[in-house]
Amino acid sequence: MYKSLLIIAASVLTVSFSAGSAAAQSTPGADWRQHNQAERIFNGVQNGSLTLRETGHLVRGQARIHNQERRFKADGVVTPRERARMHRTLNRQSRRIYRRKHN
């Protein structure tokens, strides 16, 4: 059980690191936040405040954010509206992480 949690957490970090390598246009604020949120999830797994199910939900949320960022970067330009939408999504995910870790 613990081994599977670590595997899931490691995949979260992998997704967050690969998000920074997209070449179209840099979104340093969003990339940093995704990395920070992935670390928060990993720390929650390590200290036992996140269950396997909660971790799975949060990992899928991080993957959705990563896919959203890839779609926005696909045309080579991340517009201010797209950037604002991405940050709203990141805000929601941050709240979810907090709530899951503190329930």
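No value in this document is a laboratory result; all are computed from the given coordinates. Not measured: the values here are computed from a predicted model. All Cβ positions, even for glycine, are placed from backbone atoms using ideal geometry, and neighbour counts span all protein chains on display.
In nm, to one decimal, how far is the R92 label point from the N67 one, both placed 7 Å along Cα→Cβ?
In this crude label model, R92 to N67 measures out at 1.4 nm.
Express in nm, to one decimal, how much length is gained between R83 and R99 on full extension, taking 0.36 nm for each residue of separation and deducting their alpha carbon distance.
3.3 nm
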